[in-house]
Amino acid sequence: MYMEMESASMSDTNHAVPSWSFKDIAAALVFVLLGSYGFGMLLNLFFGNSFSSALLLLIAGFFQTLLFLGAAFFIVFLKGGNGLGQLGLKKSISADVLRKGFLGGALLFVVVLLSGVVASFFIPMEAKPQPFVDILVKAETPFDIFVPFLVGGILAPLGEEIFFRGFAYPVLRGRFGAAYGIVGTAVFFSLLHFDIIRFLPIALGGVGLGWLYENTGSVYTPIIAHSVWNTAMLVLLLLITRAMPQII
């Protein structure tokens, strides 16, 4: 009993009560979605015929990451409080954070991969590949290979983890507790990928990322884990498509 109380106390000290609310999360999300959609339309309208798919993805990926970070940072500073520390952005990255991030990411890769295989038996539909996956599969140049790894392995984990785990999760945790907060954020995270076929694998991955953040109190942990998970998936896909080019 003492160990449980001590663990709970340590966990609580790692997660300050946020100064923002559900309304702030909703406003930030609308800003990100509308901004991403509007920018994507303009990008394709003016440069769709002159830029390669990889370059378009790179520009859109950078912009969406800026929107995620900008929305979260703006509201945190607007509401006051302890600044970026409230988003789990610690001043340094400990060895424990690195270890749990890399090991957690490797485990999530296996869990998501296996759950995706199981889900395919129950939903016998061909999933539409995500943009950066589609570009990697059809890659013809080193740049076409580099961009998916940059977007999927660095930009997406950075923006999404600060937004979902650092920004959205504390509000759900404060209202419903850690367990329900982790699951709720994971469902929220998965739904916003707009992919019903991969809903369960992504949600399971989100639960793992949420647990890592809860366990360490540092958003760097899920960022690293998310990066390892995505990068491992892309490496596997690249190896398969190069070994079996006929599946492209």
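Nothing in this text is a laboratory measurement; each read-out follows from the coordinates by a stated rule. The structure displayed is predicted, hence computed values, not measured ones. Note that we place each Cβ from the backbone using ideal geometry, even for glycine, and neighbour counts take in every protein chain shown.
For L29, what charge total do you get from the other residues with a beta carbon under 13 Å from its beta carbon, if Lys and Arg give +1 and Asp and Glu give -1? That works out to -1.
Working from the pairwise distances between different alpha carbons, so that the mean of 1/r is found and then inverted, what is the range 32-105's Kirkwood radius in Å? Mind dumping the intermediate values first?
Working: mean 1/r = 0.0664 Å⁻¹.
For the range 32-105, the Kirkwood estimate is 15.1 Å.
Dimensions of the chain along the principal axes, based on C-alpha atoms and rounded to the nearest Å, stand at 59, 38, 35, largest first. Would you kindly give the portion of the calculated P(r) for the range 107-248 that falls above 22 Å, as a percent of all Cα pairs? Of all Cα-Cα pairs in the range 107-248, 39 percent lie more than 22 Å apart. When the chain is treated as a Gaussian network with alpha carbon springs shorter than 10 Å, the biggest mean-square fluctuation among S94, S227, S36 belongs to S94. Taking the range 22-113, which trypsin sites (Lys or Arg not before Pro) meet the DSSP loop condition and have no more than 11 other C-beta atoms within 10 Å? Those that pass, being in a loop and sparsely packed, are K91.
Using DSSP to define loop residues, name the GluC sites (Glu not before Pro) in the range 80-187 whose beta-carbon has at most 16 other beta-carbon atoms within 10 Å. Counting only loop positions with at most 16 other Cβ atoms within 10 Å, the GluC sites (Glu not before Pro) in the range 80-187 are E126, E140. Residues of the range 53-72 falling in the label zone of F146, defined by backbone nitrogen less than 17 Å from a point 7 Å along Cα to beta-carbon, are 53-62. Computed across the range 109-183, the Kirkwood radius stands at 15.1 Å (inverse of mean 1/r, all Cα pairs).
Can you compute the charge dipole magnitude of the range 2-247 about its Cα centre, using +1 on each Lys and Arg Cβ and -1 on each Asp and Glu Cβ, nothing else charged? Give it in debye, rounded to the nearest 20. Could the numbers behind the result be given before it?
Working: 13 positive and 13 negative charges, 41 e Å.
Magnitude of the dipole: close to 200 debye.
With θ taken as phi - 60° and the Karplus curve 6.51 cos²θ - 1.76 cosθ + 1.60 applied, the whole-hertz 3J(HN,Hα) list for the range 53-60 is 4, 5, 5, 4, 5, 4, 5, 5 Hz, x standing for glycine and proline.
Using Cα atoms only, what is the angle between the long axis of helix 22-47 and the major principal axis of the chain, expressed in degrees (0 to 90) to the nearest 10? Approximately 20 degrees, to the nearest 10. Relative contact order, whole percent, for the chain stands at 30, derived from Cα pairs under 8 Å and 6 or more residues apart. The number of Lys pairs in the chain with C-alpha atoms less than 25 Å apart, excluding pairs fewer than 8 positions apart on the same chain, is 6.
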